[in-house]
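Engineer: Here's a structure for you.
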Amino acid sequence: MIPDVTNDYDVVIVGAGPAGLFAAYELAGKDLKVLVVDAGKDIDKRHCYMSSVLSCKHCTPCSILCGVGGAGAYSDGTLNLRPDIGGNLADLTGDNESAWELVDYVDRIYLKYGAPQKAYSATGADAEMLKRRAASAGARFIDIKQRHIGSDNSTVLISCMKKDLESMGVSFLLESKVKDILGDEGACKGVLLDNRAIHSRYTLLAPGRVGYEWVNGLVNRHSINYSYSGVDIGVRVEVSSIIMDPVTRINHDPKFHIYTRRYDDFVRTFCTNEHGFVVKEEYEGFVATNGHSMHSNESENTNFAFLVHVELTRPMENTIKYAKSVAKLATTIGGGKPVLQRLGDLKRGRRSTHEHISRNPVINTLKDVTPGDISMAMPHRIVMDIIEGLEVLSKIIPGVDSDCTLLYAPEVKFYSLKIEVDSTMQTNIYNLFVAGDGAGLSRDLINSSATGILAARGILSRMQNG
């Protein structure tokens, strides 16, 4: 049901991803008029045609990235139950104890709506073995307690949460794009859609990672204080599951941190999808890759992101502009599709062809790709970091740097500008609050959800104190 948007609201939340939904949860049931606005569709109407016709139909907006549940709805659905993975909550809460308490609180909400009770964690001899292997290779294994929801079960969880929020009086306005905020004398008074204005006492921006460019426009138009964050650029690696099974049985989404030999750059594994599938993401002007895994449908492969962290200093500090240029070049080289290359071909300086891919022992799960040469699409330094990093990783996980290992490019994680906030998550614009990946404050489901909780508590505190 579309709410009557001519009325004023106590709180308008822009974005129905984890940050927006968890903020709405914290505000629900408190006799407040809360509206959640999102450019995408409801969770049960989001559908990617890639699953049936194997080629992107360029939907606007992309159903993989937009809609109720945000981009996380179709991710692997892994909950990393630590406050210092995917962000640093202690920076926002003020201390580590409060940060851990917030993670536990967010975890209980996920459990309430159907997250599995089973948690994964490398313990005892298993954890010691992985740490020893990593240390001997000059890397580091990060032990994390995790829950795996799965891409298929995430949609059910999100649907349950949205229905509960609606039963508690939260309204949703979907397939509606917010153009701007309503600003007046240094204060936010609501949001502006294409054809109407919605006034509110408080506004919370939680647009998610897909909203990074929109956020950039806002900070410039309204002089919102921010700083530049780093960016992660790399590839999606796909190997036979039998290579990764010994490690993923110990830790579902293992995190390995590596510093490369030549450039001393930080490279990490991220978002491991055990027996999963590589998928394509459609952004404005370029494509990227990601990974999914499900409980009900498995492949013979496991994939993970392998990312190089990039920080820039003067005169070029805009990491987002830099990462977009890399992603656009890769998209150009791939003819509008991700570039796929065998690791053996990359090491030998030759392009992968359709013939190479067709006879490769590892069968690519993403078909809408262009076999090619990643070294033509990405900076030399990043390519060398990936090759050297995989060599180190192979000492921990034997076989991961095999010639038949598949690399998809680009995989880019935009973290947006990092918007400066006070202890209540309010920006320098009065009554304008921010949360989540789109504000540069988080990089995973737990941290994004937690920042939404913090922003909602900040709004409630402001209401109580006038």
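Engineer: Tell me the residue from H292, H309 that is more than 29 Å from R261 (Cβ to Cβ), touching a Phe, Trp or Tyr at 6+ places or on another chain (Cβ under 7 Å) and open to solvent by 10 Å² or more (accessible area, probe 1.4 Å), please.
Structural biologist: The match here is H292.
Engineer: Residues of the stretch 442-462 being open to solvent by 20 Å² or more (accessible area, probe 1.4 Å) and either touching a Leu at 6+ places or on another chain (Cβ under 8 Å) or without any contact (Cβ under 8 Å) to a residue 60 or more places away in the chain (or both), which ones?
Structural biologist: Within the stretch 442-462, L445, L454, L460, S461 qualify.
Engineer: Limited to the stretch 204-250, what total is found for residues that are small (G, A, S), open to solvent by less than 20 Å² (accessible area, probe 1.4 Å) and farther than 30 Å from K41 by Cα?
Structural biologist: Residues in the stretch 204-250 being small (G, A, S), open to solvent by less than 20 Å² (accessible area, probe 1.4 Å) and farther than 30 Å from K41 by Cα: 2 in total.
Engineer: For M168, are the conditions met, namely being more than 30 Å from T319 (Cβ to Cβ) and in contact with a helix residue (DSSP H, G or I) (Cβ under 8 Å, 6 or more places away or on another chain)? Break it down into steps so the answer makes sense when it comes.
Structural biologist: On the way: more than 30 Å from T319 (Cβ to Cβ): yes; in contact with a helix residue (DSSP H, G or I) (Cβ under 8 Å, 6 or more places away or on another chain): no.
In short, no.
Engineer: Also: Under 8 Å between Cβ atoms, which residue pairs at least 6 apart in sequence (or on different chains) link something in the stretch 313-342 that is free of Cβ contacts under 8 Å to residues at least 24 places away in the same chain and over 30 Å from S227 (Cα atoms) with a partner that is of a type in the set (F, W, Y) and part of a helix (DSSP H, G or I)?
Structural biologist: Every condition considered, no pair remains.
Engineer: Taking the stretch 320-348 on its own, how many of its residues are under 15 Å from C404 (Cα atoms) and open to solvent by less than 60 Å² (accessible area, probe 1.4 Å)?
Structural biologist: Final tally of qualifying residues: 7.
Yes/no per residue for (1) at pLDDT 95 or above; (2) open to solvent by 10 Å² or more (accessible area, probe 1.4 Å); (3) within 22 Å of V287 (Cα to Cα); (4) assigned to a loop (DSSP other than H, G, I, E, B):
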residue: S352; (1), (2), (3), (4): yes, no, yes, yes
residue: S375; (1), (2), (3), (4): yes, yes, yes, no
residue: L390; (1), (2), (3), (4): yes, no, no, no
residue: L393; (1), (2), (3), (4): yes, no, no, no
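Engineer: Could you please find all residues in the stretch 251-274 being buried (at least 18 other Cβ atoms within 10 Å of the Cβ), out of contact with any Leu (no Cβ under 8 Å at 6 or more places or on another chain) and of a type in the set (F, W, Y)? So that I can check it myself, show each step before the final result.
Structural biologist: Kept after step one, since they are buried (at least 18 other Cβ atoms within 10 Å of the Cβ), are these residues of the stretch 251-274: 251-256, 258, 260, 265-274.
Next, only the ones that are out of contact with any Leu (no Cβ under 8 Å at 6 or more places or on another chain) stay: 252-253, 255, 260, 265-266, 271-274.
Passing the criteria: only F266.
Engineer: Another question, then. In the list E175, E128, which residue meets the criterion of being closer than 30 Å to K321 by Cβ, open to solvent by 50 Å² or more (accessible area, probe 1.4 Å) and acidic (D, E)?
Structural biologist: Numbers: E128 fails: closer than 30 Å to K321 by Cβ.
Residue meeting the stated conditions: E175.
Engineer: How about the stretch 144-257: which helices (runs of 4 or more DSSP H) wholly inside it have at least 2 residues that are modelled with pLDDT of 90 or more and charged (D, E, K, R)?
Structural biologist: 151-167
The values are calculated or read from the model by the stated rules, or taken from the named source; none is laboratory data. Note that the coordinates shown come from a computational prediction; the quantities given were computed from them, not determined experimentally. Note that we place each Cβ from the backbone using ideal geometry, even for glycine, and neighbour counts take in every protein chain shown. Accessible surface areas use protein heavy atoms only, side chains included; no ligands, DNA or RNA. Shrake-Rupley method; radii C 1.70, N 1.55, O 1.52, S 1.80 Å.
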